[in-house]
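Every number in this text was worked out from the coordinates using simple rules, so none of it is lab data. Keep in mind the model is a prediction, meaning the values are calculated, not measured. Cβ: placed from backbone, ideal geometry, glycine included. Neighbour counts: every protein chain shown.
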Amino acid sequence: MQRKTTDEMTLKEKELSSVVIKFVGDSGDGMQVSGNLFTSTSALAGNDIATFPDFPAEIRAPIGTVAGVSGFQIRFGSEEIYSPGDSCDVLIAMNAAALKSNLDTLKTNGIIIANTLGFDSKNLRLAGYSSDADPLGEVQAKGYKLVNVDLSKVAKETLADKGISTKEMERGKNMVALGLVCWMYQRPLDKVFALTEMRFGKKGDWAEWNKALIQAGWNFGETLELFNERYVVKPAPLQSGTYRGIAGNEALALGLIAAGHKSGLKLFLGAYPITPASDVLHELAKYKKLGVDSFMAEDEIAAICAAIGASYGGNLGVTVSSGPGIALKTEAMGLAISLEIPLVICNVQRGGPSTGLPTKTEQADLFQAMFGRNGEAPMIVIAPGSPRECFEMAFEAAKLSLEHVTPVMLLSDGYIANGAEPWKFPRMEELPKINPNLAKSVSGYKPYERDENFVRQWAVPGMSGMQHRIGGLEKENITGNVSYDPDNHQLMVDLRRKKVEKIVDFIPELKIVNGDEKGKLLVLGWGSTLGAITTAITDAHKAGIQVSQAHLRYLNPFPRNLEMVLNSFENILVPELNSGQLAFILKSNFNANIIQLNKVKGKPFLAREILEKITEINHGS
Amino acid sequence: MEVDSVLTQTTQPKVYTSKDFESDQDVRWCPGCGDYAVLNAVKKVLPQTGKRKEDIVFISGIGCSSRFPYYVDTYGMHSIHGRAFAIATGLKITRPELDVWIITGDGDSMSIGGNHLIHLCRRNPNVNVLLFNNEIYGLTKGQHSPTSEKGLLTKSSPLGVIDNPFNPPALTLGAGASFVARTIDRFSAHLHDTILEASKFNGTSFVEIYQNCNIFNDGVFESFTDKEAKDDNIIILEQGKQLIFGKEKDKAIVLKGHSPEIVSLSEVNETNEWLHDPQDFVKATLLAQFTYMQGFPRPFGVFYSKQRPTYDELFESKGWDADESEIDKVIAGKFTWKVD
Ligand code: SF4
């Protein structure tokens, strides 16, 4: 290849408001590492960001195959970013399988940076191409811009004198790719280096070597005429303050820690490993020294039961799982509802039914959360809309549970669990105090006597003079003694329902966050669709379409003003990653014109899909 | 912390009698049920534990015996089928100062709760398990249970049970239990003493109690209690003593190589003598095997008792050991940046 110096080149510089790039390669290619470093660098450059990792379903699928492809998508911009983006501007593909499985996510005219060695005949075969296929030629013919770079070779040249094996040298190709992309988007090199040192500081020489590899990638961009443009993405107008990056599962764990500490009660997690919820267990397990108790049980049932035992003992009992695990916990949830004790149950939803799609996202456990128990068993159900909201809503779940002495279900999902965004995190002093409704007086304690909010006083073992026996059999009102009396059962069912309904006085009203307070169309979402909906609404407004947005974070009970909000719009569009579960509940409770937008492909909504539906409704009316 | 501030109002240890542990609830077992004897024994043991009653918790699953917590004036939870072990584990490891008892039956512990039982045994929290074994499902009116003997005719096995029964002491020893004993409702002193010993043991103590269900499986343990027959059919285990049984106290069990063998007392010598040692795991497992060995007497007493670190000690639940500034650091994480 012929080299030229920078000043001979005629590089154009182009300013972009938002860019989506995706690193894709084999699961051993270090795509998550490159992606994370690029993300942190972009954060330091002042951009708003959203990221989403794309893990292979198999732990160690054969190298080079489509099943083993791992990806990391990042969207960064000088404007507000609400989701990791529908499609990519740049695809950095380490091998043929990675390109094959991700080409459909690339924009027309998008750029492919292809690692030459990953497209040799062996890799083509592993990716399932026929022997005469020429995927790189094809993508060029289709109008994509192809940049073919021998990343492995650059890595080998860079690490040639380090005394490591060729195989090890080649592992550096992800860092070369990172350097090249940093050059393209003019990321601050000193910051990339500082972050690399932070990340690899402990791993011997690799901090230095990785810096050299990044520099090599950067130089490669600078000295070769691979590109005729370079891009500028200016800082976004973010609120001033201190930020960190946060993924939903981590935020969830931190929210529980904050709530536990604010309540003064021990935080106890009972859990059993399950994708995509295990990270919450891993996260909480790290903080034993601070006083967090985490317990890995023998199964899902034991996990919730241990949490019930801990709650019964006056602690904040929590269990975390995903759909199939939640199914196993069903009976124990009923017990907690019947006992009326605090308990936080987090469901990081995934594709179902049964084992379903463990690594893929879905919102199809709403019915399970609302109705999935025997008997009349109402439970508070809340749902965060984004990774950082997992913190707030986990805190809220614990607060409601402890103050109202009743179980709370939190619905997250795989998309926000693994997705990450910048977070202007709160300080503990800014968070409200949590006041568990522990029993205070000893004289004449009655376990099921209630206050004006139908909340009972929570007496726990060790409290003198308040010994009592409770269980899953129906209890007599006030005394808690076993009762089979028909009128008493009616009364207790009503009281447990009223207690949950009464929560409406303690939760915020539903706000219109975008658009007018009334009009033709409201897009009403819940949970992880928030980002895609917000992007779609912003785009619709740019296109001059009048549409408003509201997002439900409280699903049982609904905010008090939901009916009023629904009545303020001619049509309500409800996008959900299920077959219409919220829509079903809304239709059966309110007289509103509900239009469904449903998708169950294990993938989040594209903003475009929602925008198309908005446009269609707009045209139709 | 809130719980602590309320808990400090509690009184100092009191001297109780068994009457102090009577709750205000009517006991609802069938007249003549073996459960009554166990309830009485427990009520006699509780004053001897030195625990305040507000610090005692009974947790049960589902079944006739699982009504037990309603009948003692302590804290109690009548939970769901098979799960008392897991609930008790969560309670004990977060509140290790409490005295936690688990009440279970053969269906509750050996069938639906089997998984939780074995994991309780391997973890070894300091709790007491009383297994009321009546070899039948009583509450659901007479189906065969996982400890029912083969061939038993019940509503659910009209042609006779074909499942091999579980052997609870062998099962729990195999799962790593550190205290395993067997007693029977009809020997009130033995019942009392065994439960007392279990209550004193630091670790999971598992007591299998043969309990007669006079409605659905009456007389199933009669050969161990019948005046005429029992001496030939049972052996009472006593630490440091030989395994002697028989009406005339003339038979002994010795070890021949690895195998237990019944001999006449006169045949016992220095080389084959078997002195009961509850610290000896291998011998405990052999004793547990007597349960279904043809011609062998059924052992009662403490099979095995050997302390090891308890799960509640190892778990070390200590509550928040951090002020808000430390939580702030955790929330901030390792990498932050400022936006002006
Ligand atoms: S059915 Fe049997 S075990 Fe149950 S209470 Fe009656 S006698 Fe006791």
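Numerical summary
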read-out	value
Centroid-to-centroid separation of segment A:27-79 and segment B:255-330 [C-alpha atoms, Å]	52 Å
Contour excess over end-to-end distance, with Cα ends at residue A:591 and residue A:570 and 0.36 nm allotted per residue	6.5 nm
Anisotropy class of chain B from Cα gyration tensor, a/c 1.5 cut	prolate
Cross-link pairs beyond the 30 Å C-alpha cut-off, checked among B:200/B:283; B:43/B:227; A:288/A:499; A:360/A:520; A:499/B:19	A:288/A:499; A:360/A:520; A:499/B:19
Principal-axis tilt of helix A:173-184 within chain A, Cα atoms, nearest 10 degrees	80 degrees
Centroid-to-centroid separation of segment A:333-404 and segment A:545-607 [C-alpha atoms, Å]	19 Å
Length-normalised contact order for chain B - Cα pairs under 8 Å, 6+ apart - percent	15 percent
For residue B:251, residues with placed amide H under 5 Å, excluding near neighbours	B:245, B:265
Residue B:328 versus residue A:57: modelled label distance in nm, points set 7 Å from Cα along the beta carbon direction	4.7 nm
Residue order, fewest to most beta carbons within 10 Å, for A:129, B:70, A:415	A:129, B:70, A:415
Cβ-based exposure ranking for B:64, B:213, in which fewest neighbours within 10 Å come first	B:64, B:213
Calculated FRET value between residue A:495 and residue B:202, using beta carbons and R₀ = 41 Å, to 0.05	0.45
Semi-axis lengths, Å, the protein assembly as shown, gyration tensor of Cα atoms, sqrt of 5 times eigenvalues	61, 35, 25
Cubic angstrom per residue, convex hull over Cα atoms of segment A:439-575	154 Å³
Acute angle (nearest 10 degrees) that the helix A:323-339 long axis makes with the longest principal axis of chain A, alpha-carbon atoms	20 degrees
In range of the label at residue A:190: residues from segment A:45-69 whose backbone nitrogen is under 14 Å from the point 7 Å along Cα→Cβ	A:45
Share antiparallel - DSSP beta bridges, chain B, percent rounded to 5	40 percent
Proportion of all alpha-carbon pairs of segment A:28-102 beyond 18 Å (%)	41 percent
On Cα atoms only, tilt of B:114-123 relative to the major axis of chain B in degrees	70 degrees
Beta bridges per DSSP with both ends in segment A:12-232, % antiparallel, nearest 5	45 percent
Modelled FRET efficiency - R0 60 Å, residue A:541 with residue B:262, Cβ distances, 0.05 increments	0.05
Global form of segment A:244-430, assessed from the alpha-carbon gyration tensor, a/c cut-off 1.5	rounded
Rounded to 5, percent antiparallel among DSSP beta bridges of chain A	35 percent
Residue B:218-residue A:165 pseudo-label distance in nm [points 7 Å out on the Cα-to-Cβ vector]	7.7 nm
Phi-based couplings in Hz for segment B:258-270 (Karplus 6.51, -1.76, 1.60; Gly and Pro marked x)	9, 10, x, 9, 8, 9, 7, 3, 5, 7, 6, 9, 4
For segment A:512-620: relative contact order, % (alpha-carbon pairs under 8 angstrom, 6 or more apart)	32 percent
Peptide A:284-292 - average C-beta neighbours from other chains (10 Å radius)	4
Label-reachable residues, segment B:282-311, where backbone N falls under 17 Å from a point 7 Å from residue B:255's Cα toward its Cβ	B:282-290, B:303-306
Surrounding net charge for residue A:129, when Lys and Arg each add one and Asp and Glu each subtract one, Cβ distance under 12 Å	-1
Between segment A:473-517 and segment A:139-207, the Cα center-to-center distance that results, in Å	58 Å
Taking segment A:12-232 and dividing mean pair separation by its residue count, relative contact order in percent (alpha carbons under 8 Å, at least six apart)	22 percent
Potential extension, residue B:307-residue B:111 segment - 0.36 nm per residue separation minus Cα distance	67.8 nm
In Å, descending, principal axis extents of the Cα set of segment B:274-313	42, 20, 16
Paramagnetic label zone (point 7 Å from Cα along Cα-to-C-beta, residue A:12; backbone N under 16 Å) in segment A:100-123	A:109-111
Nitroxide proxy distance, nm - points 7 Å out along Cα→Cβ at residue A:561 and residue B:159	6.9 nm
Isotropic mean projected area of the C-alpha convex hull, segment A:512-620 (nm²)	6.1 nm²
Summed residue charge, Cβ within 11 Å of residue A:405's Cβ, Lys/Arg positive, Asp/Glu negative	0
Whether segment A:12-232 is rounded, prolate or oblate, judged on the alpha carbon gyration tensor where a/c under 1.5 counts as rounded	rounded
222 nm mean residue ellipticity, helices alone, for the protein assembly as shown (DSSP H n ≥ 4; -39,500 (n - 2.57); rounded to 500)	-9500 deg cm²/dmol
Per-residue Cβ neighbour rank within 10 angstrom, fewest leading, B:337, A:526	B:337, A:526
Averaged over A:37-47, number of beta-carbon atoms from partner chains that fall within 10 Å	1
